[in-house]
Amino acid sequence: IDLFSIFRALEANVKAWRYLQGGSTITQQLVKMTLLWPEKTLLRKSNEIVIAVAAELFYSKQTILEAYLNRIYFGHWGQFPIRGVEAAATLLFGKSSRQLDPAECALLAAIIRAPNIITPLKHPERARARRNMILGLLFKEGKISRDDYERSVAAPVRVRKPGAPPVRAPGFLDLVKDELNGDLTESQTGQRDV
């Protein structure tokens, strides 16, 4: 548990006279989504804390994170909920989570905060802003290079639409799109690069 985050969230919520933010750790969120009820009460929060402390005594951080990433909600794909990073990567990008580039990884991280508000399917501008903020944090922390940061921030938010057929060769498809964009630019200007 993170007492500082809990008290910070409590202070913000009391000042606003409504629920604005939470202060749960990943372990607490996992406990809440798998074992407890969704309503926000002090009883649920106290149970969440007790169970989270017990979970950390029995399970490694790696195991807890893996369980969380396999269950986290990423919004809906048509009428079906998207649960877990692998499902989100497959449905939104048409590829495995291991094949995602930094921009796509940051977009998934962005969606977790508010899946129905930061969904790239309905609000690509919100998703892009949050994705770019996450990319900035990754760059600042030295987790990605300047080149990866600049390339990722410049990348458009592209996701598959519900009902779209699976992409069998996403890399080839991107190459063809890039080539077509280059041909359009040449024909519009009437100049060719040599």
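Things worth noting here:
- Members of region 1-29 that are surrounded by fewer than 17 Cβ atoms within 10 Å (Cβ to Cβ), at pLDDT 85 or above and outside any helix (DSSP H, G or I): none
- Residues satisfying the stated conditions in region 88-119, i.e. of a type outside the set (A, V, I, L, M) and within 10 Å of Gly75 (Cα to Cα): Pro115, Asn116, Thr119
- Being open to solvent by 70 Å² or more (accessible area, probe 1.4 Å) and either of a type in the set (Ser, Thr, Tyr) or more than 16 Å from Pro120 (Cα to Cα) (or both) holds for only one residue in Lys61, Lys32, Lys95, Lys45, and it is Lys61.
- Qualifying position, being at pLDDT below 95, part of a helix (DSSP H, G or I) and surrounded by fewer than 20 Cβ atoms within 10 Å (Cβ to Cβ), among Ile117, Ile112: Ile112
- Residues that are part of a helix (DSSP H, G or I) and hydroxyl-bearing (Ser, Thr, Tyr) were ranked within region 135-161; the one that is least open to solvent (accessible area, probe 1.4 Å) is Ser152.
The values are calculated or read from the model by the stated rules, or taken from the named source; none is laboratory data. Nothing here was measured: the structure is a model prediction, and the numbers come from that model. Note that each Cβ is placed from the backbone with ideal geometry, even for glycine, and that neighbours are counted across all protein chains shown. In case anyone asks, the SASA skips ligands and DNA or RNA and just uses the protein heavy atoms, side chains included. Shrake-Rupley method; radii C 1.70, N 1.55, O 1.52, S 1.80 Å.
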